[in-house]
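**Student:** Got a structure for you, written out below as structure tokens; questions coming shortly.
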Amino acid sequence: THFGFKRVKQSEKPQKVYEVFEKVAIDYDKMNDVMSLGIHRLWKDYFMCSLSPTDNTKLLDVAGGTGDISFRFLNFLKTNNLKNCHVTVCDINPHMLEVGKVRSEKLNYDQNLISWKEGNAEELDFEDNSFNAYTISFGIRNCTHIHKVLAEAYRVLKPGGRFMCLEFSHLEYSYAQWLYDQYSFQVIPVLGQVLAGKWQPYQYLIESIRQFPTQENFKLMIEEAGFRQVSYENLTLGMVAIHTGFKL
Ligand code: SAM
């Protein structure tokens, strides 16, 4: 335990995660900006550049929440004048999806290019071989069984399709990790309390980051799910990592 916070039991995790995102949905976008000092925007921009979709890309954005990745996808289509593309945002939490839908209308995105679907990453309600690309951004560590998520990603991707994951990870230098831990355990819950009136969900989020596998171990898990050409790239000293692989 850290600072008196108990580890979440596997069996209680889905309920706990649901409650966390139900509570934070309305403040989610603001809190992301404050807590990462806006840097999450750069990570997500870079993530979309790494994916670099082309014409005819059918993207599935799992744990898509309030739409940060899918909106970047739609921006990319517009800037690069891509044809025949579509994104499906899938998330287990209807409150997050609702915030996303309202946002997409406010931001005037073409509603024909995006669809929203409630669903569990561990048990996707999509046919085999349906998408060219699968993204999951800051979502997989909230899932109870990572291997099920990866197996489902593999199943719904078409042959040749690409898996891409953006997730908090482990820092390359131990002194940097120490500083980062001080920031996260002492500052983040306080910010949560002061700005959103709740600290527990934010403490959960930090704990889940610590428990997530290292870059190398996660890479092995992706390979075990059947993906090929698996690689990863650390951003900001490993604060986050992008893992990618192909269904070949
Ligand atoms: N992808 C968005 C982003 O990058 O801003 C949202 C990330 S948010 C930190 C994590 C999301 O994962 C939440 O919206 C939560 O509801 C969703 N989630 C948690 N467990 C899930 C599961 N088993 N299946 C699908 N979504 C899940």
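The values are calculated or read from the model by the stated rules, or taken from the named source; none is laboratory data. Computed from a predicted model, the values in this text were never measured in an experiment. Here the Cβ positions follow ideal geometry from the backbone for every residue, glycine too, while neighbour counts run over all protein chains shown.
Each row is one residue, and each column tells you yes or no for (1) buried (at least 22 other Cβ atoms within 10 Å of the Cβ); (2) in a helix (DSSP H, G or I).
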| site | (1), (2) |
| --- | --- |
| 19 | no, yes |
| 28 | no, yes |
| 32 | no, yes |
| 41 | no, yes |
| 66 | yes, no |
| 76 | no, yes |
| 83 | no, no |
| 89 | yes, no |
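**Student:** Further question: How many of the residues in segment 91-107 are surrounded by fewer than 20 Cβ atoms within 10 Å (Cβ to Cβ) and more than 12 Å from the ligand (Cβ to nearest atom)?
**Tutor:** 5
**Student:** To continue, here is another question. So if I check each of 78, 58, which one is out of contact with any strand residue (DSSP E or B) (no Cβ under 9 Å at 6 or more places or on another chain) and at pLDDT 95 or above?
**Tutor:** That would be 78, the only listed residue that is out of contact with any strand residue (DSSP E or B) (no Cβ under 9 Å at 6 or more places or on another chain) and at pLDDT 95 or above.
**Student:** Go through segment 138-248 and tell me which strands (runs of 3 or more DSSP E), entirely inside it, have 3 or more residues that are within 15 Å of the ligand (Cβ to nearest atom).
**Tutor:** In segment 138-248, 157-168, 240-246 are the strands (runs of 3 or more DSSP E) which contain 3 or more residues that are within 15 Å of the ligand (Cβ to nearest atom).
**Student:** Here's a follow-up. Hey, can you tell me all the residues within segment 35-63 that are among the β-branched types (Val, Ile, Thr) and within 16 Å of the ligand (Cβ to nearest atom)?
**Tutor:** Within segment 35-63, 39, 62 meet the criteria.
**Student:** Would you say residue 26 is β-branched (Val, Ile, Thr) and touching a Lys or Arg at 6+ places or on another chain (Cβ under 8 Å)?
**Tutor:** The answer is no for residue 26.
**Student:** Can you go through 195, 191, 179, 220 and tell me which one is more than 17 Å from residue 236 (Cα to Cα), of a type in the set (A, V, I, L, M) and free of Cβ contacts under 8 Å to residues at least 60 places away in the same chain?
**Tutor:** So the residue among 195, 191, 179, 220 that is more than 17 Å from residue 236 (Cα to Cα), of a type in the set (A, V, I, L, M) and free of Cβ contacts under 8 Å to residues at least 60 places away in the same chain is 220.
**Student:** From the list 110, 125, which one is surrounded by fewer than 15 Cβ atoms within 10 Å (Cβ to Cβ), over 16 Å from the mean Cα position of the chain (by Cα), over 20 Å from residue 19 (Cα atoms) and within 13 Å of the ligand (Cβ to nearest atom)?
**Tutor:** Of the residues listed, the single one that is surrounded by fewer than 15 Cβ atoms within 10 Å (Cβ to Cβ), over 16 Å from the mean Cα position of the chain (by Cα), over 20 Å from residue 19 (Cα atoms) and within 13 Å of the ligand (Cβ to nearest atom) is 125.
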